[in-house]
Amino acid sequence: MSAIKEMDKKYNLHSWSAQNRVDPLVITKAEGIYFWDEDGKKYYDMSAQLVNLNLGHGNKAIIEAIREQALRLPFIGPAYAVDVRSEAAKAIVEASGIEGAKVFFTNAGAESNENAIKLARLFTKKQKIFSMYRSYHGSSAGAGMLTGEPRRQANEPGGSGFVKFEGPYAYRAPKACKFESEGDVTAYYLELLENQIQYEGGDQIAAIFMETVVGSNGILIPPAGYLEGVRALCDTYDILMVCDEVMAGWYRTGTCFAFLQFHVKPDMVTFAKGVTCGYIPIGGVIVAEKIHKYFDDHVMLCGLTYSAHPMGCAAAIAAIAEYKRLNIAENVKAQGKILKDLLDDMAGKYHCVGEVRSIGLFSSFELVKDKDTREPAVPYGKDPEGLMGKVVSMLKREGFSTYSHENMIFVSPPLTITEEELRAAINILDRVMASVDKMI
């Protein structure tokens, strides 16, 4: 064991892990879509770390912006006006297309959702918060209760008022459902949601939180008309619509924010990750005018020591400029089509590869025991034999770095990836899936 790894295991606690099973790679350098371990082995970073490194490793414009800000004014409290604070907020509001909006800055995605919960309750004076099963919004107290998958259970019973609903997931709909069209899927899940709103009392519900495109629970893309239907329900019952774009935002799906593809305007949008591509922690909530104007005369009980950190704001300004300079939207469109075609081809070849879901450079596929019955390779919330860990380890040994969740493998590389890099990486994935097919 190297000295670095030995020290790591002695002093660090690792996320989501039994510590005796942790065996971290020691990473020594990174560039573009690659990183290298201490033995000099190169890995394709095919999950953009935690789907946040959208512009890849070593973007010099972001690094230089952080350096210049550190030399000029590394920190000043959030009560003061600073040029980069104003410029970052302006750039983010303009990118959202939500006219008259303002930004409350946080440090990460979970904090963004925490503060959106608080703003929704303060503004509406209602307590109930809806969010989907099979969603992830963070692991802190409130964001953890928003989360709709097993990682929330460490937070329970938690605070009151959090209600889960079934979001659209046709591949795993009840067996009695016989959908003839995408419109049938939309109508079914909207009916379920409206029923639940009525059961819980529309006049009791402050907000409906949704990942615009569900991320770590399987890249669940809303069927046509679904988000528009949720917006209409929110308007009917006087409920706020909050889009969590922590993972789906910043061109991951092809547009700056994913909601822009679905013809809706949310009341709040939470963001983090790709706004600085992970170079500095920062996040925030984009707040529509009707909400932030309420706080002109009412105290907004939200605050963080590092809200709108100057170096984070400088990094955000640089990253937003780089997305435009590098024409990332067009690259995502081009490479996203290639990625979807390659994954679809793989699904056609291997019995263990179930449904492929892909939008932009945001994709996953399900591992199944039986393609006809759709039985997942591991039971929901369990992996008694460590199958998914083995698959991820097999990929990593071949130089393809990504992660799994439930029975799903994710492919979400940096948005700067070229066609040549993409095809080379998917060749590795294809070879490993041939072995997994035999194993399952």
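Read-outs throughout are calculated quantities, based only on the coordinates presented, and are distinct from any laboratory measurement. These figures come from a predicted structure and were not determined experimentally. FYI the Cβ positions are ideal-geometry reconstructions off the backbone, even for glycines, and counts take in every protein chain you see.
One table, with the values for the structure above:
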{"item": "Loop trypsin sites (Lys or Arg not before Pro), region 176-281, which have at most 10 other Cβ atoms in a 10 Å radius of their Cβ (DSSP)", "result": "LYS178"}
{"item": "In region 141-188, GluC sites (Glu not before Pro) in a DSSP loop with at most 10 other beta-carbon atoms within 10 Å", "result": "GLU180"}
{"item": "Cross-link partners of LYS128 among lysines (Cα-Cα below 18 Å; sequence separation of 8 or more within a chain)", "result": "LYS118, LYS164"}
{"item": "Leading residue at positive end of dipole, region 60-325 (Cβ point charges), from PHE295, VAL264, ALA91", "result": "ALA91"}
{"item": "Cross-link pairs LYS42/LYS349; LYS29/LYS60; LYS90/LYS273; LYS90/LYS126 - those with Cα-Cα distance over 24 Å", "result": "LYS42/LYS349; LYS90/LYS126"}
{"item": "Helix-only CD estimate at 222 nm, as mean residue ellipticity for the chain, using -39500 (n - 2.57) per DSSP H run (n ≥ 4)", "result": "-12000 deg cm²/dmol"}
{"item": "Rel. contact order, % - alpha carbon contacts under 8 angstrom, at least six apart, region 247-366", "result": "26"}
{"item": "Calculated FRET value between THR28 and ALA434, using beta carbons and R₀ = 35 Å, to 0.05", "result": "0.65"}
{"item": "Radius 11 Å from Cβ of PRO281, net charge of other residues (Lys, Arg +1; Asp, Glu -1)", "result": "0"}
{"item": "Distance between modelled label sites at GLU68 and TYR133, nm, 7 Å Cα→Cβ extension", "result": "5.1"}
{"item": "Overall form of region 333-382 per C-alpha gyration tensor (a/c, 1.5; a/b vs b/c)", "result": "oblate"}
{"item": "Simple Cβ-charge dipole of the chain, Lys/Arg +1 and Asp/Glu -1, about Cα centre, in debye nearest 20", "result": "720"}
{"item": "Sites ALA61 and ARG423 - FRET efficiency at Förster radius 30 Å, r taken between beta-carbons, to 0.05", "result": "0.65"}
{"item": "For peptides 112-119, 338-345, sequence by mean Cβ density within 10 Å, most packed first", "result": "112-119, 338-345"}
{"item": "Rounded to 5, the percent of DSSP beta bridges in the chain classed as antiparallel", "result": "65"}
{"item": "Diffusion constant of the chain at 10 °C, which comes from Stokes-Einstein with the Kirkwood Cα-pair radius and 1.306 mPa s, µm²/s", "result": "70"}
